[in-house]
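Please treat every number below as a calculation from the coordinates, not as lab data. This is a predicted model, so every value here is computed, not measured. Neighbour counts run over all protein chains shown; Cβ positions are idealised from the backbone, glycine included.
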Amino acid sequence: MKKYIDTGKKDTRSGFGAGLEELGKTNENVVALCADLIGSLKMDAFIANNPERFFQIGIAEANMMGIAAGLTIGGKIPFTGTFANFSTGRVYDQIRQSIAYSGKNVKICASHAGLTLGEDGATHQILEDIGLMKMLPGMTVINTCDYNQTKAATIAIADHQGPVYLRFGRPKVANFTTEDQTFEIGKAVLLQEGTDVTIVATGHLVWEALQAAETLQEQGISAEVINIHTIKPLDDEAILNSVKKTGCVVTAEEHNILGGLGESVSRVLVKNHPTPQEFIATNDTFGESGTPEQLMEKYGLNAAAITSAAQKVIKRK
């Protein structure tokens, strides 16, 4: 069994900042816009090096999306930055009408997503953003798992033509993917081979899935772990190849069970290869205030919950 090492906990939003800084050096068409959250989005280095390519919009997120759409007409590649709640729910009309409908090349970069926002509470812990964004025609949806992958994804989406939603978080989490990785949009990453159960995870739940696989291994259960960093377009082939071997699957995400990764996987399975599935996700609920660890435990979004779901789904084969 392959062992993954946490090289030092880092927040994924800092991975975005590092990727944006790199783009500032290598792609002159990249511009950045922010809705009064420069520090939270880690945009400082990009701004320091490229002040003429940064636009502080203020607390006017809808205006930011409209400006970003306009900038693409002149060949610019705008990266918008604010919290996930404000990047989607607050500005859905502007994204739909001004960006998605006309396929504008805007990169919507969203920090502080999910329950792990923690103490800020339910009003800021958006758990429906993936569903909102994946339903927009032509929108690519990416949810990265650690600092290194977020940095690589930030750099990669600049070369992708079309609108992208890039989701990441605030807390420091395990940093375990390789520093020199090549990020391929729409291509799942097989982290661990197994024969008894497939665990398909995204975002912060990928590390938890690896921890669950270790526990299952101790119980004599061989778990295959797949990192789905791109929820749309989904890597159907990787999922189907795995479940045809294992015969069952657990999906794990820091998102509402309605409209997230789990439902996308279900669609693939029911059309191609019906398979027993268990879901790790929030169950049609808002969040609440608490530490990220407390909330992930209460809402069943951790390694223990994934382990239990794997044991359960194996019995359904």
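What to note about this one:
- Shape category assigned to the stretch 129-228 from the gyration tensor of Cα positions, a/c cut at 1.5: prolate
- For the stretch 104-155, radius of gyration divided by Kirkwood radius, i.e. Rg to Rh on alpha-carbons: 0.99
- Only the Cβ atoms of Lys and Arg (+1) and of Asp and Glu (-1) were treated as charged; on that basis the dipole of the stretch 224-272 about its Cα centre amounts to roughly 200 debye.
- Rounded to the nearest 20 debye, the dipole magnitude of the stretch 189-314 is 400 debye, with +1 charges on Lys and Arg beta carbons, -1 on Asp and Glu beta carbons, and the Cα centre as origin.
- Compared with the alpha-carbon gap, the fully stretched path from GLN97 to ALA48 is longer by 14.4 nm at 0.36 nm per residue.
- Placing unit charges on the Cβ atoms of the charged side chains and taking the dipole of the chain about its Cα centre, the candidate lying farthest along the positive direction among LEU117, LEU41, ALA238 is ALA238.
- Across q = 0.14, 0.15 Å⁻¹, the stretch 189-314 modelled as identical point scatterers on its alpha-carbon atoms has Debye log10 I(q)/I(0) values of -0.52, -0.60, in the order of the q list.
- Placing R0 at 25 angstrom, the Cβ-Cβ distance between LYS172 and ALA122 gives a FRET efficiency of 0.65 after rounding to 0.05.
- Likely footprinting exposure, CYS248, CYS145, fewest C-beta neighbours within 10 Å first: CYS248, CYS145
- Shown for LEU20, LEU234: other C-beta atoms within 10 Å of each C-beta, ranked fewest to most, produce the order LEU234, LEU20.
- Nearest 10 degrees, 0 to 90: helix 12-26 Cα axis against the chain principal axis: 50
- Exposure proxy ranking, count of Cβ atoms within 10 Å, fewest first, for SER102, SER266: SER102, SER266
- Per residue, the average separation of C-alpha pairs within less than 8 Å and at least 6 apart gives the chain a relative contact order of 18 percent.
- Length-normalised contact order of the stretch 174-308 in % [C-alpha pairs under 8 Å, at least 6 apart]: 27
- Listed by chain and number, the aspartates and glutamates whose alpha-carbon sits under 17 Å from that of LYS9, ignoring those within fewer than 8 places in the same chain, are ASP146, GLU179, GLU208, GLU293.
- Relative contact order of the stretch 10-173, taken over Cα pairs closer than 8 Å and 6 or more residues apart, is 31 percent.
- Note on the stretch 10-173: Lys pairs 8 or more places apart or on different chains, Cα atoms under 12 Å apart, count 5.
- Candidate lysines - alpha carbon under 16 Å from LYS3, same-chain residues fewer than 8 apart omitted: none
- Rounded to the nearest 20 debye, dipole of the chain from Cβ charges on Lys, Arg, Asp, Glu: 580
- Projected label distance in nm at SER40 and LEU258, using a 7 Å step from Cα toward the beta-carbon: 2.6
- The helix-based estimate of mean residue ellipticity at 222 nm for the chain, built from -39,500 (n - 2.57) per DSSP H run of four or more residues and divided by its residue count, is -10500 deg cm²/dmol to the nearest 500.
- The chain - convex hull of alpha carbons, volume per residue in Å³: 116
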